[in-house]
Amino acid sequence: MPQTTHYRTCHLCEAMCGVEITVEDGVIKTIKGDKKDPLSQGHICPKAMGMKDIHEDPDRLKKPLKRTKDGWEEISWEAAYEEVVTNIRQIQEKYGQNAVGIYKGNPNVHNLGGQLYGANFSRAIKTKNNFSATSVDQLPHHLASLFMFGHYLLTPIPDIDHTDYMLIMGANPMVSNGSLMTVPGFGQRLRALQQRGGKAVVIDPRKTETADKASEHFFIRPGTDAVFLLALLNVLYAENLANLDKLAELVTNAELIPNLVQAYTPEIAANITGITAENIRQIARDFASAKSAVAYGRMGLSTQAFGGVCQWLINVINIVTGNFDQPGGALFTTPAIDVVTLLGFVGATGNLGRWKSRVRGLPEFSGELPVAALAEEILTEGEGQIKAMVTIAGNPVLSTPNGKQLDKAFSDLEFMVAIDIYLNETTRHANIILPPATGLESEHYDLIFHSFAVRNTAKFSQRVFDPEPGAKHDWEIMRDLANLLKGEPDNPKEQKNLFRRLSPEAILDLAIRRGRFGTKFNKEKGLNLQKLRANPHGVDLGPLQSSLPNRLFTKGKKIQLVPDLFVKDLERLKATYLNPEGQINDDFNLYLIGRRHLRSNNSWMHNSYRLIKGGNRCTMQMNPQDAETYQLANGQQVKVSSRVGSIELPVEITDIMMPGVVSIPHGWGHHHQDIRLKEAQANPGVSINDLTDELLIDELSGNAAFSGVPVKVETL
Ligand SMILES: Nc1nc2c(c(=O)[nH]1)N[C@H]1C(S)=C(S)[C@@H](COP(=O)(O)OP(=O)(O)OC[C@H]3O[C@@H](n4cnc5c(=O)[nH]c(N)nc54)[C@H](O)[C@@H]3O)O[C@H]1N2
Ligand SMILES: Nc1nc2c(c(=O)[nH]1)N[C@H]1C(S)=C(S)[C@@H](COP(=O)(O)OP(=O)(O)OC[C@H]3O[C@@H](n4cnc5c(=O)[nH]c(N)nc54)[C@H](O)[C@@H]3O)O[C@H]1N2
Ligand code: SF4
Ligand SMILES: [Mo]
């Protein structure tokens, strides 16, 4: 058979790298960066080859599985659907609608079908117990966007290709390849920034791979970023450096800021954060005097006790220095398919607190509850208790705080169904596993990540392989189950429901044609799906553009600079940090943070030998000073404990860690006998989320606070 070449977008992380895949005799020969992709220009990372490994993985599930007392049994799709629908109906009839919970994991967002059909599927279950990976990740960003710009998905993106100064906090894009900033080839873009005389400054308790390449790096005590940001603002106002510039007309309540930040002098902040007053002043001055500048805060800022306040303050700094909606600052994207506008049409701009979780009273956000509350909702008896779960492309046993408790909770359920490609730590609890066709067997368009990209582009990817006969895509499984659960439609609205009738491509074509670059507005030159198919490398739609005030969803199209809920949360911050009784817990006197690795992807790519080989990466990194205090030698096995549990793993002594802080990667812990992940089981590691604490959250948003979990370390 001749060799064929295929162009696609890698769907594994947010970077959306263009790839060129060659196939011979049905086998992938090479996966390279596609130099003609207008966004990634040839960049890829080692995980791209992981697409081959997932495609060929003998452990990947292909047929529905049913748990029986004699083990897993392959059953037909019809029989599997029947079991799922009957059990969900019975449980909802017996205990009420909310007795069924849903958890949607990260790969849903990288899956066209998951994005298009997921909401309709959830509506068919009609539960208030919706959870997802959002609340262990970016929820604070959504909160800031909703209250400042009127739409939870309207996310400011750093214009890295034009900025003169980039302040990077709690992000490690050299490894993560960027998040809420789709930025393939971050390293090259950073170098270009430096070569044009610009500066990148990293604030992180670990001297990361990104810090290593940046112009400056400062250690910060985990969880204290809000104080640092308040101090930057303090300096900006004390030294008269704030200047709204072109934004003056668009911003409300800017005059309230000086008063709010007054108490946070650099001297006070230095004590709390560990960054000297002099350095805080210098960073504020450099930021303000740069021709253009942008502050960017990601995971490390979101997953902490003041995640919401941090993301608000990041926006405030960009705005009050006149760097918002301006080239080189933070801008909104204007993609070919604009989910922000589409959701706006149906009024889905976001909500907070329409209902609360039953046990702890945590607030709903845009239809979801914080996943830190999931285990207690299953384990606590009473009206409204969750008795059945649906998980879709998620592994919350390894990815959510106090995963061990959730592991136990899942084993208490009366019924569970998992839509997933693997039998893993979470899906092993299911009664039925429905495995979709995945990756290279699916058509792809990044509905979400085009909206977060540092440049506007559009690209449709054809499948490389046909799915096996009889296989179903995620979207088909969700559509079929939704239709079965809803039954034959008797009302005209439901009869017209796109997600009942149309394929993903048909919906996509509609959305592109009606988008701002679509044929609706320019019959000849506009885009439709056919044109995207004819441009397999993707279509360039230009750099980020100013879009205010039209793009705002707030009343009167003004930026709400000082929303009440954040001001109120500053009281909690004050009680935490400006109170001399302080935080220190003598028992648990080290702070735990996480880390990512270039060859991992959350919890689910450890079954690729190519990616997992090369020694145990699941270690606890610790500063030499601390190692001396604890009398530890490199490689020694230690026991790490927190309020909720303990794990054992080797220590890795390295001065890239801030003293007093230890780091463990997440996504490990593949030691269970009853999972089907041969390579991962041979190299299991332990789960950091057996230490993270479901009670440590950002109380404002309900997002998990992974950064700065108090732990203690003992020798074995
Ligand atoms: N301590 C700590 N915990 C963390 C983090 C951290 O930094 N520190 N990071 C958090 C973040 S940012 C995130 S996003 C979450 C991720 O949390 P999750 O989304 O819960 O976990 P993943 O590891 O991404 O699991 C993905 C699941 O999807 C399945 N899958 C893969 N491809 C497909 C597909 O095409 N279809 C279907 N149906 N299933 C598929 C995989 O087999 C796996 O079971 O973890 C969070 N947890
Ligand atoms: N290779 C690889 N790439 C990935 C993933 C992966 O698992 N592996 N996961 C993908 C996903 S789902 C996401 S959401 C993104 C995340 O993308 P990023 O946010 O860029 O990735 P992280 O490595 O989690 O970066 C968080 C940083 O915050 C630091 N940090 C921890 N606590 C604090 C704190 O209190 N203050 C400050 N200032 N910093 C702190 C950590 O040391 C770390 O360097 O990555 C994506 N890309
Ligand atoms: S950086 Fe992300 S999108 Fe690019 S090749 Fe790696 S995993 Fe794929
Ligand atoms: Mo994430």
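Report the Cα centroid-to-centroid distance between segment 546-619 and segment 347-425 in angstrom, as an integer.
So the separation of the two Cα centres works out to 20 Å.
Taking a probe of 1.4 Å, how large is the accessible area per residue of the chain, in Å²?
Numbers: 27720 Å² over 716 residues.
Roughly 39 Å² per residue, with all protein chains present.
For ASP490 paired with ARG67, estimate the spin-label separation in nm (one decimal), with each label point 7 Å from Cα along the Cα-to-Cβ line.
Modelled inter-label distance: 3.6 nm.
If you take every DSSP beta bridge whose two residues both sit in the chain, what share of them, in percent to the nearest 5, is antiparallel? Please report the intermediate quantities before stating the final value.
On the way: 43 of 83 bridges.
In the chain, approximately 50 percent of DSSP beta bridges are antiparallel ones.
Report Rg (one decimal) and Dmax (nearest whole number) for segment 1-44, counting Cα atoms only, units Å.
According to the Cα coordinates of segment 1-44, Rg and Dmax are 10.9, 34 Å.
Shape call for segment 495-561 from the C-alpha gyration tensor, a ≥ b ≥ c root eigenvalues: rounded (a/c under 1.5), prolate (a/b greater than b/c) or oblate? Could the numbers behind the result be given before it?
Working: a/c = 2.57, a/b = 1.38, b/c = 1.87.
It is oblate, given that a/c is not under 1.5 and a/b is not larger than b/c.
May I ask for the distance between the Cα centers of segment 110-143 and segment 632-694, given as a whole number of Å?
Value for the Cα centre distance between the two parts: 29 Å.
From the helices alone, meaning DSSP H stretches of at least four residues, give me the mean residue ellipticity at 222 nm for the chain, per-run term -39500 (n - 2.57), in deg cm²/dmol to the nearest 500. Don't skip to the answer; put the middle values down first.
Details: 26 runs with 221 residues, N = 716.
Only helices count here, giving -8500 deg cm²/dmol.
Is the C-alpha gyration tensor of the chain telling us rounded, prolate or oblate? Criteria: a/c under 1.5 is rounded; beyond that, a/b larger than b/c is prolate, otherwise oblate. Let's see the in-between values first.
Working: a/c = 1.40, a/b = 1.18, b/c = 1.18.
In terms of gyration-tensor shape, rounded.
Can you list, largest first and rounded to whole Å, the semi-axes you get for segment 92-204 by taking the square root of 5 times each eigenvalue of its Cα gyration tensor? Working shown, then result.
Values: eigenvalues 287, 41, 30 Å².
After scaling each eigenvalue by five and taking roots: 38, 14, 12 Å.
With charges only on Cβ, +1 for K and R and -1 for D and E, what is the dipole size of the chain about its Cα centre, in debye, rounded to 20? List each step's numbers first, then the result.
Details: 76 positive and 80 negative charges, 387 e Å.
Approximately 1860 debye in magnitude.
So, in nm, how far is label LEU498 from label ASP564 when the simple model puts each one 7 Å beyond its Cα toward the Cβ?
3.6 nm
Only loop residues by DSSP count here, and only those with at most 12 other Cβ atoms within 10 Å; note down the trypsin sites (Lys or Arg not before Pro) in segment 541-614 that meet that. It would help to have the intermediate numbers written out before the result.
Values: sites: ARG551, LYS555, LYS557, LYS558, LYS568, ARG572, LYS574, ARG595, ARG596, ARG599, ARG610, LYS613; in loops: ARG551, LYS558, ARG595, ARG596, ARG599, LYS613.
Those satisfying the criteria are LYS613.
Calculate the tail of P(r) for segment 347-488: the fraction of all Cα-Cα distances greater than 18 Å, expressed in %. Don't skip to the end; give the middle numbers.
Details: 6867 of 10011 pairs.
Taking all Cα-Cα pairs of segment 347-488, the fraction more than 18 Å apart is 69 percent.
Could you tell me which of the pairs LYS36/LYS555; LYS94/LYS678; LYS69/LYS678; LYS47/LYS404; LYS47/LYS356; LYS69/LYS356 are separated by over 31 angstrom between their Cα atoms in the structure shown? Numbers along the way, then the final one.
On the way: LYS36/LYS555 42 Å; LYS94/LYS678 39 Å; LYS69/LYS678 23 Å; LYS47/LYS404 28 Å; LYS47/LYS356 39 Å; LYS69/LYS356 38 Å.
Cα-Cα > 31 Å for LYS36/LYS555; LYS94/LYS678; LYS47/LYS356; LYS69/LYS356; rest within.
For an R0 of 41 angstrom, estimate the FRET efficiency from the Cβ-Cβ distance between GLU255 and ASP540 and round to the nearest 0.05. Please report the intermediate quantities before stating the final value.
Details: r = 42 Å, r/R0 = 1.02.
That pair, GLU255 with ASP540, gives E of 0.50.
Out of VAL686, PRO659, CYS17, whose Cα points farthest toward the positive end of the dipole of the chain (charges: +1 Lys, Arg; -1 Asp, Glu; placed on Cβ)?
CYS17
I'd like the carbon and sulfur percentage of the solvent accessible area for the chain, probe radius 1.4 Å, heavy atoms only, ligands and nucleic acids excluded. Walk me through the numbers on the way to the answer.
Values: 13350 of 27720 Å².
Looking at the chain in its full context, I get 48 percent from C and S.
Distance in nm between label sites at GLU571 and VAL339, each 7 Å beyond Cα in the beta-carbon direction?
Spacing of the two 7 Å Cα→Cβ label points: 3.5 nm.
Would you mind telling me the antiparallel percentage of the DSSP bridges in segment 584-715, rounded to 5?
Numbers: 15 of 21 bridges.
Given both bridge residues lie in segment 584-715, the antiparallel proportion sits at roughly 70 percent.
The values are calculated or read from the model by the stated rules, or taken from the named source; none is laboratory data. Note that the structure is predicted; figures quoted are calculated from it, not measured. Reconstructed Cβ throughout: ideal geometry from the backbone, glycine too, with neighbour counts over all protein chains shown. Protein only, heavy atoms only, side chains kept; ligands, DNA and RNA dropped before computing areas. Shrake-Rupley method; radii C 1.70, N 1.55, O 1.52, S 1.80 Å.
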